[in-house]
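The values are calculated or read from the model by the stated rules, or taken from the named source; none is laboratory data. Here the structure is a predicted model, which means the values were calculated and not measured. All Cβ positions, glycine included, derive from the backbone under ideal geometry; neighbour counts span all protein chains shown.
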Amino acid sequence: MEKPDAQEHAVDEPEMIQAPSGEMYTKEEWESPVFANGPTRKEVEAWKEKYGQVYFTPFEDLIVIWRTLSRPEYREIVRNQDLTMLDREEIIADKCVLFPYDFSCKKYTENGRAGIPSLLTEMIMDKSGFIAKTAPIKL
């Protein structure tokens, strides 16, 4: 009885790619968008490796992928006393949004979507650890 050829068997198995997180993906999954017209899994995994935590938020006709804000970035933004709260929200959202690639708060606020920067900033601040999950507990 003949043994199967090792090379012949390897052809049947798809090429696998290991993400820095340890998760395994086929080459097709790695190079395919994570959602229609979105970034590839490869891009998302690169963002996760660079920034740590990466999230997505679906709006009515828009999917936004964003990262958390670092303490030095936060310090730089709040240091400028000339900025209003709305200015700060827009700077945070513009800085942390990774996708759409051409995202800008100005683009969305001028088209009647004025709440997007505020909502994104609230989520970014929450996941960046700037908002307490519970009320303080008296000891």
(request) Report the residue count in region 103-114 for those that are loosely packed, with under 13 Cβ neighbours inside 10 Å and not in a helix (DSSP H, G or I). (result) 4
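Can you find a residue in region 103-117 that is hydrophobic (A, V, I, L, M, F, W, C) and under 15 Å from the mean Cα position of the chain (by Cα)? First the steps, then the outcome.
First pass over region 103-117, keeping only residues hydrophobic (A, V, I, L, M, F, W, C): 103, 105, 114, 116.
In the following step, the residues that additionally are under 15 Å from the mean Cα position of the chain (by Cα) were identified as 103.
Yes, there is a match, as at least one residue in region 103-117 is hydrophobic (A, V, I, L, M, F, W, C) and under 15 Å from the mean Cα position of the chain (by Cα).
Of the residues P72, P100, which is closer than 19 Å to F59 by Cβ, surrounded by fewer than 18 Cβ atoms within 10 Å (Cβ to Cβ) and at pLDDT 95 or above? Spell out the reasoning first.
Numbers: P72 fails: closer than 19 Å to F59 by Cβ.
Just one listed residue meets the conditions, P100.
If you check E89 against the conditions, is it without any contact (Cβ under 8 Å) to a residue 12 or more places away in the chain, part of a helix (DSSP H, G or I) and more than 30 Å from P14 (Cα to Cα)? Explain how you work it out, then say what you get.
Working: without any contact (Cβ under 8 Å) to a residue 12 or more places away in the chain: no; part of a helix (DSSP H, G or I): yes; more than 30 Å from P14 (Cα to Cα): yes.
For E89, the condition - without any contact (Cβ under 8 Å) to a residue 12 or more places away in the chain, part of a helix (DSSP H, G or I) and more than 30 Å from P14 (Cα to Cα) - is not met.
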(request) Filter region 75-96 for residues that are among the β-branched types (V, I, T) and surrounded by fewer than 15 Cβ atoms within 10 Å (Cβ to Cβ) and give the result. (result) V78, T84
(message) Restricting to region 57-69, name every residue that is exposed (fewer than 15 other Cβ atoms within 10 Å of the Cβ) and not in a loop (DSSP other than H, G, I, E, B).
(response) P58
(request) For region 8-55, enumerate the residues that are modelled with pLDDT of 90 or more and of a type in the set (A, V, I, L, M). (result) V34, A36, V44, A46, V54
(request) Select from region 25-44 the residues that are assigned to a strand (DSSP E or B) and among the hydroxyl-bearing types (S, T, Y) and list them in ascending order. (result) Y25, T26, T40
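Determine, yes or no, whether F59 is within 12 Å of L120 (Cβ to Cβ), touching a strand residue (DSSP E or B) at 6+ places or on another chain (Cβ under 6 Å) and modelled with pLDDT under 95.
On the way: within 12 Å of L120 (Cβ to Cβ): yes; touching a strand residue (DSSP E or B) at 6+ places or on another chain (Cβ under 6 Å): no; modelled with pLDDT under 95: yes.
In short, no.
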